[in-house]
Amino acid sequence: MYEGAVQDLIDELGRLPGVGPKSAQRIAFHLLAEDPEDVKRLVTAITEVKARVQFCTVCGNVAQQELCQVCRDPRRSPTVICVVEEPKDVVAIERTREFRGKYHVLGGAINPIAGVGPDDLRIAQLLSRLADGQVTEVILATDPNVEGEATSTYLARLLVPMGLTVTRLASGLPVGGDLEYADEVTLGRAFEGRRRISA
């Protein structure tokens with residue numbers, strides 16, 4: 001245990017995902033040793049992102065305006081929606097340059113152990129986007145892990161009876177992995193080989 005401000009910083013850093021106690025301590029002491037101007041830039045960047053970044057009112061992606069860059073792009077096809085768990089997954093798919101439709105960010109995955117159910121996700125917003133009949137295909141691009149598969153299965157049961165083409169990303173992605181860590185080639189192949197889901 002350290003005194004006052006140092007321990008407070010370590011505790012706050014330790015609350016970040018993927019940062020354990022040792023990493024939090026290492027980062028805290030790195031910041032203490034850094035030039036004050038470098039630390040000020042970091043503080044400004046964090047403050048700015050909290051003040052200026054919001055979630056797109058249509059798809060749930062991160063945006064600095066009411067609509068994200070993808071939703072504002074008139075060249076994107078409005079007939080295909082790719083459903084992902086988090087905004088970081090949008091970035092991973094965009095790197096492949098294989099997809100030219102729109103996105104829908106759920107804000108997580110069904111995970112009963114963590115207390116996350118279908119009502120905690122942006123599923124109602126997805127269904128309202130599909131109500132006008134313009135969308136013909138929904139691609140389920142949730143992570144290939146237990147939670148992602150449960151979410152995909154749940155969504156397929158809702159969407160297939162609506163007469164939509166419902167597809168899931170094909171093999172090529174490791175089971176238990178996250179889209180964020182897949183390389184462009186693997187993710188691109190998975191996108192090209194997606195398969196239709198039937199009830």
Within the range 101-134, residues being of a type in the set (D, E, K, R) and loosely packed, with under 11 Cβ neighbours inside 10 Å number 2
Exactly one of A170, A182 is touching a residue at least 60 places away in the same chain (Cβ under 8 Å) and surrounded by 12 or more Cβ atoms within 10 Å (Cβ to Cβ), and that one is A182
By residue number, the members of the range 139-158 that are free of Cβ contacts under 8 Å to residues at least 60 places away in the same chain and either buried (at least 21 other Cβ atoms within 10 Å of the Cβ) or within 17 Å of L127 (Cα to Cα) (or both) are I139, L140, A141, T142, D143, P144, S152, T153, Y154, A156, R157, L158
Here the residues within the range 185-197 that are out of contact with any Phe, Trp or Tyr (no Cβ under 8 Å at 6 or more places or on another chain) and either under 17 Å from V80 (Cβ atoms) or in contact (Cβ under 8 Å) with a residue 40 or more places away in the chain (or both) are L187, G188, A190, E192, G193, R194, R195, R196, I197
Note on the range 89-133: residues among the basic types (K, R) and in contact with a strand residue (DSSP E or B) (Cβ under 9 Å, 6 or more places away or on another chain) are R100, K102, R122, R129
Requiring at least 2 residues that are over 18 Å from V70 (Cα atoms), the strands (runs of 3 or more DSSP E) wholly within the range 83-199 are 165-168
Only one of (1) over 29 Å from G177 (Cβ atoms); (2) touching a strand residue (DSSP E or B) at 6+ places or on another chain (Cβ under 8 Å) does not apply to V43, and that is (2)
Exactly one of E98, E86 is within 30 Å of A190 (Cβ to Cβ) and modelled with pLDDT of 95 or more, and that residue is E86
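The values are calculated or read from the model by the stated rules, or taken from the named source; none is laboratory data. The shown structure was predicted, so the numbers you read here are calculated from the model rather than taken from an experiment. Don't worry about glycine lacking a Cβ; one is built from the backbone with ideal geometry, like all the others, and counts go over all protein chains shown.
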